[in-house]
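Take a look at the structure below.
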Amino acid sequence: MLGSFFAFLVAIFIAEICAGVFIYFQKETLESLIEKSVEETVLQKYMYNSSSASVHTFDKVQEEMGCCGSKGPKDWARSVFNNPESRDREIGVIVSNQKYNIPRSCCRYRLSIIVR
């Protein structure tokens, strides 16, 4: 019994080392995958009145990591969060002084910028 436990423990340890090596060598690929996923969530999946688990999870990630959107708060200007009727990207010029809303989970990020 003790031998089986030790063998499983060694197998788990080797698997963790392999996962760490894989992540180290695939860092750029994984970063771009995560950035695309966050951008897709911000632009297309985050709804104002949604009570889905993905919205709550995304809020928690933004609060805990102190981030806002994929590149910054301006990502929310093109989001369905601000214009739920339009799910497609608008073709045209975006006005730089356009007013838009950001989720409350971005407030920690916004306050840290104001304080600096």
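The values are calculated or read from the model by the stated rules, or taken from the named source; none is laboratory data. The model shown is predicted, which means the values in this text are computed figures rather than measured ones. Note that each Cβ is placed from the backbone with ideal geometry, even for glycine, and that neighbours are counted across all protein chains shown. Remember, those area values only see protein heavy atoms, side chains included, never the ligands or the DNA or RNA. Shrake-Rupley method; radii C 1.70, N 1.55, O 1.52, S 1.80 Å.
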| Förster radius 35 Å - calculated FRET efficiency between MET47 and LYS27 (Cβ-Cβ, nearest 0.05) | 0.65
| Using a 1.4 angstrom probe and counting only protein chains, how large is the accessible area of PHE25 in Å², to 10? | 140 Å²
| field | Cβ-Cβ FRET estimate between ALA19 and ASN83, R0 fixed at 41 Å, reported to 0.05 | value | 0.55
| query | Are there trypsin sites (Lys or Arg not before Pro) in segment 1-77 that DSSP puts in a loop and that have at most 14 other Cβ atoms within 10 Å, and which ones? | reply | LYS71
| query | When only the heavy atoms of the protein chains count and the probe is 1.4 Å, how do LEU33, LEU43 rank by accessible area, highest first? | reply | LEU33, LEU43
| query | So how do THR41, THR57 rank on accessible area, 1.4 Å probe, biggest first, that is with the largest at the start? | reply | THR57, THR41
| note | So for R0 = 41 Å, FRET eff. of GLU35-MET1 from the Cβ-Cβ r, to 0.05, ends up at 0.30
| said: Just to verify a number: what accessible area does SER37 come out at with the full protein assembly present, 1.4 Å probe, Å² rounded to tens? | reply: 60 Å²
